[in-house]
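Q: Can you read through this structure? Questions will come right after.
The numbers here are math on the coordinates, done by the rules we state, and not lab data. It should be emphasised that the depicted structure is a prediction, and the values quoted were computed from it without experimental measurement. Ideal geometry is used to build each Cβ from the backbone, glycine not excepted, and the neighbour counts take in all protein chains shown.
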Amino acid sequence: MTIDDQLNDIVNAKWYDADITYKLHSGQIMLWNHIVKLKRVGVQEVYLDIARQFGKSYFSCVYAIAYCIRYPRSIVRIAAPTLKQARDIVQDNLDVIVSDAPKGLITQEKSDYRWKIGESSLRLGVLERAHVDSLRGGNARLIILEEGGFVKSDDYVYALQSVIAPQLLRSQGQLIHITTKSEDPDHYLHSIIEPKTRISNSYFMYSVYDNPQLTAEQIDKAKEMVGGEHSIAWRREYLCQIVRDGGRICIPNFSYDLHVNDASHPEHANWITSIDFGGVKDKTVALFGYYDYPSASITVYDECDFDPNTDTDKIMFKVYQKEGIYPITRRRCDAAGQILVDLKSKHNYDTQLPLKDTLEAGLNMVRLLLDQGKLTIHPNCRLLIKTLHGGMLNKQLNDYERSKDLGHNDALAALIYLIRSADKTTNPIPKHKLNKFHYMTGPQKHTPIIDLGRSFTSPFGRK
């Protein structure tokens, strides 16, 4: 037997034993060992937060192939945002990986998206909701989700909960998320998967500095190419940081620490209700805030929100309840004409359309007020805070992105209407403290007077 034959026998033995870590660099081997150890102790879900150029897709393919061999008659899936991406990830890497594999061990089936590996099957799928059904079928033993950060958060949640989780229920198989950070700071991967996997010690982050294949000079060159160490691309793609940027994030300068305050409202202010009616498609959000004349600032003090298709009676009952707490003197409501008619005729609710401007102008106004310290949000406003933190524009930057949690950024729209329409000219501080405009401090201690030609003493009654 020649030396070549002996080497071939050694390599073949490694393949049949699924011992192909010799295909990996030291950083990838470290990842491999982590995942194998977690599988042995029964941890199902792993999150690999990996920087660019680490070779994460190559690693996924090597691990998937070895899994197929080690666990015969398994279904293993690799999914990416699109089917083309999934095919490119596997096909491009597979050709390199299997170059020394025993003949017949790995064969492509008639479909471009399936391979027979030993007695197991490697199958490709799509994460985007429109095509996620390609992932359905069978009880998978391993599912690897590639670049999930580049799928809309709602689509990712749907794929996980409706398609992927059922396949792992009986098999108790592994689920591996492997991706760079999403540009959406509130993506499901960041807000749910990362904290969950940190608790189970199955979260692993590898930045560009953890890549053993890159020299310091190569890292510096990569940094320069993407705009330097402070650039968004460098921080997100290479340092694995969650970054709120001014590209698609609507209000990138919002900070909970700087802009959320639970101080009591002043004794005298110009209060306003601002409502964005979503109708059958989007959320309806009502904000209750005031313009503080002495400080020339806006505070949003409370909110109520409703899912699409909520009955108007339910909406107005809640709005009237809130207006029974705060001394509202102005109302603005963005709604279809018929809704405005119904509010007046059926619910005795006088309101006007808000002042409007372009989308860009409205967002700039909010950003400027935050920078100037002229806009404050009370912790009561949970949806508004969440929207200011994570609300995004669409890819064309000409409209809000829709999501299950934030709707059509309806809370942000209501905020813009509130700011535009608040009474900034009337001095609300009375000359005599005992006249009808005097309110005792605190939301529970005053009798609300609504300067709309009448005063309300109950949600639907007249005084």
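Q: Hey, what angle do you get for helix 312-323 against the long axis of the chain, alpha-carbon based, 0 to 90 degrees rounded to 10?
A: 60 degrees
Q: Given an 8 Å cut-off on Cα distances and at least 6 residues of separation, report the relative contact order of the chain as a percent. If you can, show how the numbers build up before the last one.
A: Working: 806 pairs, mean separation 66.2, N = 463.
With pairs under 8 Å counted, the relative contact order is 14 percent.
Q: Helix 83-97: angle to the longest alpha-carbon principal axis of the chain, degrees 0 to 90, nearest 10?
A: Computed tilt is about 30 degrees.
Q: Further question: Rounded to whole Å, give me the distance from the Cα center of region 190-232 to that of region 271-307.
A: Taking the Cα centre of region 271-307 as reference, the centre of region 190-232 is 39 Å away.
Q: Computed FRET efficiency, Cβ-Cβ of Asn364 and Arg170, R0 35 Å: what is it to the nearest 0.05? List each step's numbers first, then the result.
A: On the way: r = 53 Å, r/R0 = 1.52.
My answer for the efficiency is 0.10.
Q: Which percent, nearest 5, of DSSP beta bridges in region 256-421 are antiparallel?
A: The antiparallel fraction comes to roughly 60 percent.
Q: Can you tell me, using C-alpha contacts under 8 Å and at least 6 residues apart, the relative contact order of region 245-398 as a whole percent?
A: Across region 245-398, relative contact order equals 35 percent.
Q: With r defined as the distance between the Cβ atoms of Ser162 and Ser255 and R0 fixed at 35 Å, what FRET efficiency is calculated, to the nearest 0.05?
A: The formula returns an efficiency of 0.50 here.
Q: Pull up the DSSP beta bridges for the chain and report the antiparallel fraction as a percent, rounded to 5. Could the numbers behind the result be given before it?
A: Values: 26 of 62 bridges.
Bridges in the chain that DSSP calls antiparallel: roughly 40 percent.
Q: Would you mind working out the magnitude of the charge dipole of region 256-421 relative to its Cα centre, with +1 at each Lys and Arg C-beta and -1 at each Asp and Glu C-beta, to the nearest 20 Debye?
A: Computed charge dipole of region 256-421: roughly 220 debye.
Q: What is the gain in length, in nm to one decimal, between Val96 and Asn309 on full extension, counting 0.36 nm per residue of separation less the C-alpha to C-alpha distance? Mind dumping the intermediate values first?
A: Details: separation 213, 0.36 × 213 = 76.68 nm, distance 5.34 nm.
Stretched out fully, the Val96 to Asn309 stretch lengthens by 71.3 nm.
Q: If packing is taken as the average count of other Cβ atoms within 10 Å, what order do 254-260, 270-276 fall into, highest mean first?
A: 270-276, 254-260
Q: Still on this structure, please answer the following. Taking the mean number of other Cβ atoms within 10 Å as a proxy for protection, how do you rank 406-416, 289-299 from highest to lowest?
A: Order by mean packing, descending: 406-416, 289-299.
Q: With a cut-off of 8 Å between alpha carbons and a minimum separation of six or more residues, what is the relative contact order of region 3-238 in percent?
A: This gives 25 percent for region 3-238.
Q: Distance cut-off 32 Å, Cα to Cα: go down the list Lys283/Lys395; Lys23/Lys404; Lys281/Lys395; Lys14/Lys223; Lys283/Lys431; Lys221/Lys404 and report the pairs above it.
A: Lys23/Lys404; Lys14/Lys223; Lys283/Lys431; Lys221/Lys404
Q: Also, I was wondering about something else. From the square roots a ≥ b ≥ c of the eigenvalues of the alpha-carbon gyration tensor of region 20-106, which class results: rounded (a/c under 1.5), prolate (a/b over b/c), or oblate? Numbers along the way, then the final one.
A: Numbers: a/c = 1.30, a/b = 1.12, b/c = 1.17.
Verdict is rounded for region 20-106.
Q: Given R₀ = 41 Å, what would the calculated FRET efficiency be for Arg87 paired with Glu224, taking r from the Cβ atoms and rounding to 0.05?
A: 0.80
Q: To the nearest 10 degrees, how steep is helix 410-421 against the longest Cα principal axis of the chain, on a 0 to 90 scale?
A: 30 degrees
Q: Restricting to DSSP H runs of at least four residues, report the calculated mean residue ellipticity at 222 nm for the chain, -39500 (n - 2.57) per run over all residues, nearest 500 deg cm²/dmol.
A: -9500 deg cm²/dmol
Q: Turning to a different aspect of this structure: Using 0.36 nm times the number of residues separating Ser26 and Ile192, minus their current alpha carbon distance, what extension gain do you get?
A: Gain on stretching Ser26 to Ile192: 56.8 nm.
Q: Antiparallel versus total DSSP beta bridges in region 3-238: what percent is that, nearest 5?
A: Expressed as a percentage, antiparallel bridges in region 3-238 total about 25.
Q: Sorted by average packing, counted as other Cβ atoms within 10 angstrom per residue and highest first, what order do 377-390, 219-232, 18-31 take?
A: Top of the packing list down: 377-390, 18-31, 219-232.
Q: Can you compute the charge dipole magnitude of region 229-306 about its Cα centre, using +1 on each Lys and Arg Cβ and -1 on each Asp and Glu Cβ, nothing else charged? Give it in debye, rounded to the nearest 20.
A: 400 debye
Q: With charges only on Cβ, +1 for K and R and -1 for D and E, what is the dipole size of the chain about its Cα centre, in debye, rounded to 20? Each step should come with its number before you reach the end.
A: Numbers: 58 positive and 56 negative charges, 300 e Å.
Charge dipole, the chain, about its Cα centre: 1440 debye, nearest 20.
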